[in-house]
Each structure stands twice: as C-alpha cells, then as structure tokens.
Amino acid sequence: MMRAMSATSPKVIAIDGPAASGKSTVAKELAHRLKVTFISTGSMYRAVTWWVLESGVTPSDTEGVVELLESTEIRCGQENQIGTVAIGSSEVLGPEQLSATAVNDHVSTVAAIPEVRARLVAEQRRYAQESGIVMEGRDIGSVVFPDTPYKFFITASEEVRQARREAQGIMDKISERDQKDKSRKASPLVIPEDAIVIDTSELGIEQVVQRVLEEIEKIS
Ligand code: DC
C-alpha cells in the first residue's frame with residue numbers, strides 16, 4: 001500500500017497525453033491513493049469553451065474570446081480533493097456541460113489562445129501552493145510545472161483511443177483535436193524530454209497506476 005504524501009513527498013505529479021489516452025482515469029486513481037488533489041486541466045479549458053459558446057462568442061474570434069474573459073470571473077476550487085470550475089454566472093460545471101459535443105468540437109481552438117492559457121496556467125500553479133496534486137493535461141510537465149521530477153506521458157494507439165470514446169458514448173473527433181493540440185504555437189502537446197512514457201493500449205488501469213506508483217517510489 002502506498003502511503004499518503006508527507007511534507008517531504010512529491011508536491012506535483014504531472015500527467016500529460018493525448019485525448020482518451022486514459023490519463024484522466026489514471027491520474028484520478030493515483031490522486032486518490034496518494035490522498036492528494038486531482039486536477040483535470042482539460043476541464044478548465046472546457047469550462048472556458050463552454051462559457052464562450054454560452055455567451056454567443058465565436059470560438060475562432062480570438063479578440064472576442066479575450067475580451068469576454070477580461071470581464072469573466074473563473075473560480076477554480078476543489079471538492080473532496082477533486083478540482084472544480086465555475087465560470088461567469090455558472091455554478092460548478094459538470095460532465096453535461098464539460099463533455100458536450102459543441103465543447104469537444106471547439107475546445108482545441110479556444111485552448112490555442114495564449115491569453116486563455118496564461119490565465120488558466122496561473123490558476124493551475126495556485127493549486128500546488130495549497131496541497132499536493134496530481135494534475136493532468138497537455139503541457140503540465142513541459143510548461144506548467146517543468147521543475148517537477150514526476151512527469152508521465154500516457155498514450156495509446158489512435159484506434160484504441162477512438163474506441164474508448166465510442167464506448168463512453170461520447171462524440172469526440174480525437175484525431176482532429178490531437179492534431180490541433182500538437183500543432184498550435186502556444187504550449188503544444190509534446191512529450192517532455194524527461195517524462196516517463198507509458199503506452200496504455202494493452203494495459204488495464206490498475207497496471208498503469210501500479211507502474212506510475214513504482215516510478216514515483218524510485219524517484220522519491
Ligand atoms: O484532456 P481533455 O481532453 O479534457 O482536454 C480538452 C482540450 O483542452 C484538449 O483538446 C486541449 C486542451 N488542453 C490544453 O490545451 N492544455 C491542457 N493542459 C489540457 C487540455
């Protein structure tokens with residue numbers, strides 16, 4: 001059994017990877033076992049995208065999005081050690097809003113805007129000042145916490161990832177999203193040089209979690 005993190009234990013475990021790679025499930029389970037907070041940064045970009053759509057701003061209208069955000073409060077918190085986001089006049093958003101098809105379709109466009117990223121990265125770093133965290137996303141090891149020694153890149157073949165989304169009953173053009181996430185100028189999806197890469201195509205969640213825990217023990 002893995003112990004909960006102590007004051008001398010790692011503060012930030014960074015988990016990056018493409019859409020539907022299993023990183024979110026793994027990160028959540030890991031945080032639970034380590035008794036630290038789980039943060040999905042994808043949810044933060046999704047929340048902003050939801051608000052952009054809700055406000056009637058076109059996601060590709062960069063100036064419009066930036067202007068909207070200047071007058072929008074983004075409230076990032078946590079409930080039961082899981083990150084939450086509320087934005088503008090909304091309550092804490094749930095899967096119905098965050099995984100809506102329209103949000104899936106536009107989130108990569110909104111996430112490519114540097115001002116959006118700067119605003120959310122500041123919130124992401126704030127979490128680490130409050131508690132130990134497992135944070136998952138696309139640029140956590142490369143940009144948000146480049147100094148953490150605990151960097152993992154979770155991936156899987158495109159076929160497996162598409163099949164996972166379909167099994168969840170979620171409409172999500174993941175290869176299109178990956179392409180946009182990899183090719184954008186601001187903080188593209190990259191494998192950090194010092195990250196441990198785990199391909200989950202043929203592994204179950206428990207195997208991946210065990211592997212990550214072993215690596216954390218080795219580094220600690
Ligand atoms: O992890 P996810 O599929 O919920 O992420 C949704 C989108 O948010 C993803 O396609 C790109 C963007 N994203 C990002 O640009 N940077 C992050 N750290 C996390 C997500």
Fill in the blank from the handout: With Cα coordinates, the longest principal axis of the chain makes an angle with the long axis of helix 174-183, in degrees rounded to 10, of 90
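Give me the mean projected area, in nm² to one decimal, of the convex hull enclosing the Cα positions of the chain. Don't jump to the answer; show the numbers that get you there.
Values: hull surface 45.7 nm².
Computed as one quarter of the Cα hull surface, the answer is 11.4 nm².
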Handout entry: Residue of Met171, Met135, Met44 that the Gaussian network model of the chain assigns the largest fluctuation, springs spanning Cα pairs under 10 Å
Key = Met171
Handout entry: Solvent-accessible area of Lys35 with every protein chain in place, 1.4 Å probe, in Å² to the nearest 10
Key = 130
Exercise for the section: Could you tell me what percent of the accessible area of the chain is made up of carbon and sulfur, with a 1.4 Å probe and every protein chain present? Expected result: 50
Fill in the blank from the handout: From DSSP H assignment alone, runs of 4+ in the chain each adding -39500 (n - 2.57), the sum over residues rounded to the nearest 500 puts [θ] at 222 nm at -14000 deg cm²/dmol
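For the chain, which span is the longest to avoid every loop-located (per DSSP) member of GluC sites (Glu not before Pro) having at most 16 other Cβ atoms inside 10 Å? Each step should come with its number before you reach the end.
Values: sites that count: Glu73, Glu91, Glu193, Glu202.
Longest gap between qualifying sites, sites excluded: 92-192.
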Exercise for the section: Could you list which residues have their amide H under 5 Å from that of Ala156, counting only those 5 or more apart in sequence or on another chain, with H placed in the peptide plane? Expected result: Thr200
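Under a 1.4 Å probe, what is the accessible area of the chain per residue, stated in Å²? Mind dumping the intermediate values first?
Working: 10750 Å² over 220 residues.
Here the residues of the chain average 49 Å² of exposed surface.
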Problem - Karplus (6.51, -1.76, 1.60) ³J(HN,Hα), θ = phi - 60°, over segment 105-118, in Hz, Gly and Pro reported as x - result: 5, 10, 4, 5, 5, 5, 5, 7, 7, x, 5, 5, 4, 4
Fill in the blank from the handout: Taking placed amide H atoms and a strict 5 Å upper bound, the residues 5 or more places from Gln78 or on another chain that come that close are Thr84
Fill in the blank from the handout: Spelling it out for Ile196: with amide H atoms placed in the peptide plane at 1.01 Å from N, the residues 5 or more places away or on another chain with amide H under 5 Å from its amide H are Lys151, Phe152, Phe153
Practice task
Name the most mobile residue of Ile113, Ile82, Ile170, meaning the one with the largest mean-square fluctuation, in a Gaussian network model of the chain with Cα contacts below 10 Å.
Solution key: Ile170
Completion exercise
Diffing segment 150-163: the Karplus 3J(HN,Hα) column from phi (6.51, -1.76, 1.60, θ = phi - 60°), in whole Hz with x for Gly and Pro, holds 9, 10, 10, 10, 9, 9, 6, 5, 4, 4, 5, 5, 5, 5
Practice task
Hey, for a label at Ser90 modelled as a point 7 Å past Cα toward Cβ, could you say which residues of segment 105-140 have their backbone N under 12 Å away?
Solution key: 107
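By the gyration tensor of its Cα atoms, with a ≥ b ≥ c the square roots of the eigenvalues, what is the shape of segment 166-212: rounded for a/c under 1.5, prolate for a/b over b/c, or oblate? Provide the component values of the computation, followed by the final result.
Values: a/c = 3.42, a/b = 1.16, b/c = 2.96.
In terms of gyration-tensor shape, oblate.
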Handout entry: Folded to 0 to 90 degrees: helix 23-34 orientation relative to the chain principal axis, Cα
Key = 50
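Could you sort Val144, Val197, Val160 by their accessible area in this structure, using a 1.4 Å probe and putting the largest first?
Values: Val144 5, Val197 75, Val160 40 Å².
Largest accessible area first, the residues go Val197, Val160, Val144.
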Handout entry: Phi-based couplings in Hz for segment 84-91 (Karplus 6.51, -1.76, 1.60; Gly and Pro marked x)
Key = 10, 9, 10, 9, x, 8, 6, 7
Practice task
Taking only Cα atoms and a 10 Å spring cutoff, compute GNM fluctuations for the chain and point out the largest among Pro114, Pro149, Pro95.
Solution key: Pro95
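The values are calculated or read from the model by the stated rules, or taken from the named source; none is laboratory data. In this text the structure is predicted, and so the values were computed from the model without any measurement. Neighbour counts are summed over all protein chains in view; Cβ atoms, including those assigned to glycine, are modelled from backbone coordinates with ideal geometry. The protein model used for the area step is the full one, side chains on, heavy atoms only, and it has no ligands, DNA or RNA in it. Shrake-Rupley method; radii C 1.70, N 1.55, O 1.52, S 1.80 Å.
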